[in-house]
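Notes for the one structure printed next.
The values are calculated or read from the model by the stated rules, or taken from the named source; none is laboratory data. Computed from a prediction, not measured in an experiment: that's the story for all the values here. Counting neighbours? That spans all protein chains shown, and the Cβs are built from the backbone with ideal geometry, glycine included.
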Amino acid sequence: MSNDRIRRIVIVGGGTAGWMAAATFARLLTTDYCDITLVESDAIGTVGVGEATIPQMATFNRMLGIDEAEFLRETQGSFKLGIEFVDWTRVGHRYFHPFGSYGINMNGISFHAYWLRLHGVGEAPAIEPWSLQAMASAQGKFMRPIDAGNSPLSDIAYAYHFDAALYARYLRRYAEARGVVRHEGRIDRVDLRPQDGFVEAVVLEDGRRIEGDLFVDCSGFRGLLIEQTLGAKFVEWSHWLPCDRAVAVPCAGTAAMAPFTRSTARRAGWQWRIPLQHRIGNGHVFSSAHMSDDEATAILLANLDGEPLAEPRFVPFRAGHRDRMWIRNCVAIGLSSGFLEPLESTSIWLIQSGLSRLMAMFPDRRFRSAEIERYNRILSTEYAEIRDFIILHYHATERDDSDFWRHCRTMDVPERLAEKMRVFRTHGRTFRENEELFNDTSWFAVMNGQGMRPEGYDPIAETLSLEETRARLAHIRDAIAASADYMPAHRDFIRGYCAAG
């Protein structure tokens, strides 16, 4: 076995994906196990995806042993309690997709069922009062969880906003300090082994030849190794996800630093707003079939909170993934494996998931097909599950004010999503299937927020009387309101915990 051990890992491309990969290998394998090399060119720009994340990001940082406060200082980061969706259901409407749960489950029954029962008799018009994340966000509050017994303050789920370029730079320092070797330069060609088509080396423009046993393709949308060299095909989902371009621009920040991402639907797409310590990140994701670049840019610039800090930058993309993310001795991580637009902040999670599953099935130099096939199946399934959740936002809408929204609301959707919608419309039930990323609370938040109304509620909720249900929900609501009041302002918390210099 030792003769077949991976001795050399070559990561092609830097940015968020490349340096997350380098940091992971340096931490879990160490350079005593194998040499770890990263090749990138400063002349090739990065997309800089992932300025907003989901709570699983904290798990990745903990795995690396990174101090949270230091990480946030170094990346000008802030905290995120969820996503506010504006104008998605209809113009003038908004709802909140929180991290964490609504209320608490009682008698083994979902809290959603009890809320739907009260909602049906007109006593619970909105569900946000039963989410600490939603209530704290509405007041601009944040704190990390504390040991407070049964208080909601003991369990506060959160994620991060950060500057993606600064995060890549931070991870580069981390990885190089642990022995990762970086080579600056453009790749001129990729050499394959004649006998089996495995990647043997990448050759730089200056003639340097970098050989490896395992190659990790982090070259972005172009997929230098996985597609251009090894011939992976692209599974495209533009029928369901018609947005194919984004224009991004940072702007000056404001005194109030919201602890959430805002997503505002526009005529042919949507606009993001991500508050950091030193600026606000903004972008307009749109369908080029329904809107020109000039129109998209004008909408974005007209809806900034402050002065723009750079020229608008365009990012074309396709929604979908490679049909194989692992071919022979090459694994695609990040944008080279696929992209599903940043609506629910899943880009960095897909990097994290790809690396986690690669480590779980880490190969030797024989590169057995069983492990490769399993990896490709699991990652393809994960992309499809996230795809369905994103499609839901576009499809479950009342908007009828443009060709874009008329297409989205009337299109056929994948059967897995159609079934989830049918189940919800009967008794308001939502389920997390197997190990899919988004749980029942997330599905409920978006289905309910987008205006889907079930015919009834879970009949088992009637094991509690209406009076008892009313009393328990009032107690939970009051506890959440008191907890939100206790929390400090988001900016004040950052000032005392992780303010950047």
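Values as computed for the structure displayed
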| quantity | calculated |
| --- | --- |
| The lone exception for residue 168 - which of (1) assigned to a loop (DSSP other than H, G, I, E, B); (2) closer than 30 Å to residue 231 by Cα; (3) under 28 Å from the mean Cα position of the chain (by Cα) it fails | (1) |
| Any hit, the stretch 142-155, residues being part of a helix (DSSP H, G or I) and either in contact with a Lys or Arg (Cβ under 9 Å, 6 or more places away or on another chain) or surrounded by fewer than 17 Cβ atoms within 10 Å (Cβ to Cβ) (or both) | yes |
| Residue check for residue 59: in the same structural domain as residue 219 (by TED's automatic domain parsing), buried (at least 24 other Cβ atoms within 10 Å of the Cβ), at pLDDT 95 or above and within 17 Å of the chain's Cα centre (by Cα) | no |
| Tally of residues being outside any helix (DSSP H, G or I), surrounded by fewer than 24 Cβ atoms within 10 Å (Cβ to Cβ) and either at pLDDT 95 or above or of a type in the set (A, V, I, L, M) (or both) across the stretch 124-141 | 6 |
| Those residues of the stretch 395-415 which are part of a loop (DSSP other than H, G, I, E, B), touching a helix residue (DSSP H, G or I) at 6+ places or on another chain (Cβ under 6 Å) and within 17 Å of residue 238 (Cβ to Cβ), in sequence order | 413, 414 |
| Tally of residues being part of a loop (DSSP other than H, G, I, E, B) and among the hydrophobic types (A, V, I, L, M, F, W, C) across the stretch 439-485 | 2 |
| Condition met for residue 382 (over 30 Å from residue 266 (Cα atoms) and either in the same structural domain as residue 108 (by TED's automatic domain parsing) or not in a loop (DSSP other than H, G, I, E, B) (or both)) | no |
| Matching residues in the stretch 190-202 - criterion: being in a loop (DSSP other than H, G, I, E, B) and either acidic (Asp, Glu) or surrounded by 14 or more Cβ atoms within 10 Å (Cβ to Cβ) (or both) | 196, 197, 198 |
| Qualifying residues in the stretch 84-107 (those that are touching a helix residue (DSSP H, G or I) at 6+ places or on another chain (Cβ under 7 Å) and surrounded by fewer than 20 Cβ atoms within 10 Å (Cβ to Cβ)) - the one nearest to residue 150 (Cα to Cα) | 104 |
| Hits in the stretch 240-280 - residues which are part of a loop (DSSP other than H, G, I, E, B), under 20 Å from residue 309 (Cα atoms) and touching a Phe, Trp or Tyr at 6+ places or on another chain (Cβ under 8 Å) | 276 |
| Qualifying residue in the stretch 203-221 (condition: within 23 Å of the chain's Cα centre (by Cα), among the aromatic types (Phe, Trp, Tyr), surrounded by 15 or more Cβ atoms within 10 Å (Cβ to Cβ) and part of a loop (DSSP other than H, G, I, E, B)) | no |
| Residue 192 vs. criteria touching a residue at least 60 places away in the same chain (Cβ under 8 Å) and not assigned by TED's automatic domain parsing to the domain that holds residue 392 | no |
| Pair list, Cβ under 6 Å, 6 or more apart: the stretch 264-290 residue free of Cβ contacts under 8 Å to residues at least 24 places away in the same chain, other residue part of a strand (DSSP E or B) | none |
| Flag if residue 80 is more than 27 Å from residue 396 (Cα to Cα), surrounded by 18 or more Cβ atoms within 10 Å (Cβ to Cβ) and at pLDDT 95 or above | no |
| Failed item in (1) modelled with pLDDT under 95; (2) closer than 30 Å to residue 495 by Cβ; (3) not acidic (Asp, Glu), with residue 340 passing the rest | (2) |
